[in-house]
Amino acid sequence: MQQTQEVYTISPVTAADIPAVTQLINSAYKGEAGSKSWTSEGHLVEGERTTEAALLDLISRPGVTIFKCCDMQSVILGSVLLEKKETTLYLGMLSVLPGVQTAGIGSRLIQYSEAFAREHQYNTITITVIDKRKELIDWYRRKGFEPTGNEVPFSNKSSAARSSFSLMEMRKTLV
């Protein structure tokens with residue numbers, strides 16, 4: 001029996017990709033109807049995670065790139081925002097379609113982000129995670145991220161918090 005390995009490509013998001021990437025991000029953060037997506041934050045946040053206008057604005061900013069992970073049929077399965085900061089590479093909006101969240105796409109995007117960071121002479125990657133998301137914090141810990149002790153207030157123009165929480169900053173030192 002022959003095994004096939006799924007081939008994925010990772011490349012920058014273009015303006016033409018924005019509608020699909022917006023839908024992907026909102027689906028990943030909200031969770032699919034009736035699904036038990038472990039990445040869903042719908043119980044903590046109401047509204048959309050992002051909008052097409054917000055993503056278009058982000059990809060127009062210097063130092064910000066959103067990358068997409070596609071399958072062989074060019075279907076966008078995941079995405080990640082990388083922003084060059086003064087001393088660290090910021091990783092945000094890591095998103096994977098709920099139906100393929102156990103296929104290793106998030107891990108591939110993290111690995112890609114680490115290679116990107118090294119290529120651009122960054123020694124660390126910084127993320128923020130809702131402090132009430134223990135399972136997600138644990139996932140990032142397994143990827144080598146550690147809490148910095150810094151917290152950032154939640155602020156998102158396209159959604160609102162259902163309860164009180166902060167964003168916990170985590171950082172991974174690249175070796």
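The values are calculated or read from the model by the stated rules, or taken from the named source; none is laboratory data. Keep in mind it's a predicted model, so treat the numbers as computed, not measured. For neighbour counting, all protein chains shown are included, and Cβ atoms are generated from backbone atoms with ideal geometry for every residue, glycine included.
Here are a few things to note about the model shown:
- Strands (runs of 3 or more DSSP E) contained entirely in region 65-165, each with at least 2 residues that are at pLDDT 95 or above: 76-84, 89-96, 124-130, 146-153
To keep it simple, each residue is scored yes or no on (1) under 23 Å from V75 (Cα atoms); (2) in contact with an Asp or Glu (Cβ under 8 Å, 6 or more places away or on another chain); (3) loosely packed, with under 14 Cβ neighbours inside 10 Å.
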| residue | (1), (2), (3) |
| --- | --- |
| L94 | yes, no, no |
| G106 | yes, no, no |
| H120 | no, no, yes |
| V129 | no, no, no |
| F145 | no, no, no |
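- Members of region 55-87 that are more than 15 Å from H120 (Cβ to Cβ) and surrounded by fewer than 17 Cβ atoms within 10 Å (Cβ to Cβ): L56, D57, S60, R61, D71, M72, Q73, S74, V75
- Pairs linking a residue in region 115-127 that is farther than 19 Å from R141 by Cα and in contact (Cβ under 8 Å) with a residue 60 or more places away in the chain to a residue that is in a loop (DSSP other than H, G, I, E, B) and among the small types (G, A, S), with Cβ atoms under 7 Å and 6 or more positions apart or on different chains, do not occur.
- The combined condition, being modelled with pLDDT of 90 or more and either assigned to a strand (DSSP E or B) or touching a Pro at 6+ places or on another chain (Cβ under 6 Å) (or both), is not fulfilled by S35.
- Condition check for V13: at pLDDT below 95, over 29 Å from K134 (Cα atoms), over 12 Å from the mean Cα position of the chain (by Cα) and not aromatic (F, W, Y): no
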